[in-house]
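The structure appears below as structure tokens.
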Amino acid sequence: MNTTLLRKSVLGIAGLAFAGGVFAGPVTEAHAAPTADVKTVAVMAAEKSGVDKGKLIPHGVQGAQSRIDLSDEQVGNVKAIIAATKKAGMDERAAVVSIATALQESKLENLGHLGDRNDHDSQGLFQQRPSSGWGTVEQITDPEYSTMAFLKGLKQVDGWQDMPLTEAAQTVQVSAYPDHYAQWEQQAADLVAKHWNS
């Protein structure tokens, strides 16, 4: 093989590798998790909305945080949870606990019966069960009713305001995975900061 041709081939491959790295780098970076201090996002959003930022995450977040993109329907459910929280006479922290709980239980989707994939007869935003006394199927699949039912349970937890979010949520929900609520606290706080006064 001709040395000039060999050298051009090697340089061409090296050039492609370099270009691929240059172009692939920013694409990969764009999908990486943000490195900013997670509490800063909620604080900045709270400052813009006039929400008392000290009430959103008073104990700091626990563990790694998860985040999902929300559809219009899911944002509508966030707003319904916030409206029900205000109707119940509870504050922003109660809304953060409620939204984090619904993020864990249903990803903020008002789920009906899922057949074989259903956890017993759990339904709605909070995966409440008619057989456990949460209400009828029609009630627990109504976002306002299910939120009010969750908040009624939360009010009965002595000192819930001073508990870590996952402990307060677990006391109401009695989940098989009690620590899973904590991962949604930051996104829930961001959503409350954004929508509390909207």
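List of remarks:
- Annotation note: Cβ proximity below 8 Å between a residue of region 181-198 that is under 17 Å from residue 85 (Cα atoms) and modelled with pLDDT under 95 and a residue that is open to solvent by less than 20 Å² (accessible area, probe 1.4 Å) and among the β-branched types (Val, Ile, Thr) (sequence gap 6+ or interchain) occurs for 197/51.
- Residues being open to solvent by 60 Å² or more (accessible area, probe 1.4 Å) and assigned to a helix (DSSP H, G or I) - total across region 55-77: 3
- Qualifying residue in region 111-130 (condition: at positive phi and either touching a His at 6+ places or on another chain (Cβ under 8 Å) or modelled with pLDDT of 95 or more (or both)): no
- Region 146-176, subset among the hydroxyl-bearing types (Ser, Thr, Tyr) and surrounded by fewer than 19 Cβ atoms within 10 Å (Cβ to Cβ), residue farthest from residue 104 (Cα to Cα): 171
- You will find that of 187, 170, the residue that is assigned to a helix (DSSP H, G or I), in contact with a Ser or Thr (Cβ under 8 Å, 6 or more places away or on another chain) and not basic (Lys, Arg) is 187 and no other.
- Test set (1) within 18 Å of the chain's Cα centre (by Cα); (2) farther than 15 Å from residue 55 by Cβ - residue 121 fails condition number: (1)
- Residue in region 180-191 that is farther than 19 Å from residue 60 by Cα, open to solvent by 50 Å² or more (accessible area, probe 1.4 Å) and in contact with a helix residue (DSSP H, G or I) (Cβ under 8 Å, 6 or more places away or on another chain) present: no
- For beta carbons closer than 6 Å, sequence separation of 6+ or different chains, a first residue in region 85-108 that is open to solvent by 30 Å² or more (accessible area, probe 1.4 Å) and a second that is charged (D, E, K, R), the qualifying pairs are 91/55.
The values are calculated or read from the model by the stated rules, or taken from the named source; none is laboratory data. The structure displayed is predicted, hence computed values, not measured ones. Virtual Cβ from ideal backbone geometry, glycine too; neighbours counted across all protein chains shown. Please note that ligands, DNA and RNA were not included when accessible areas were found on the heavy atoms of the full protein model with its side chains. Shrake-Rupley method; radii C 1.70, N 1.55, O 1.52, S 1.80 Å.
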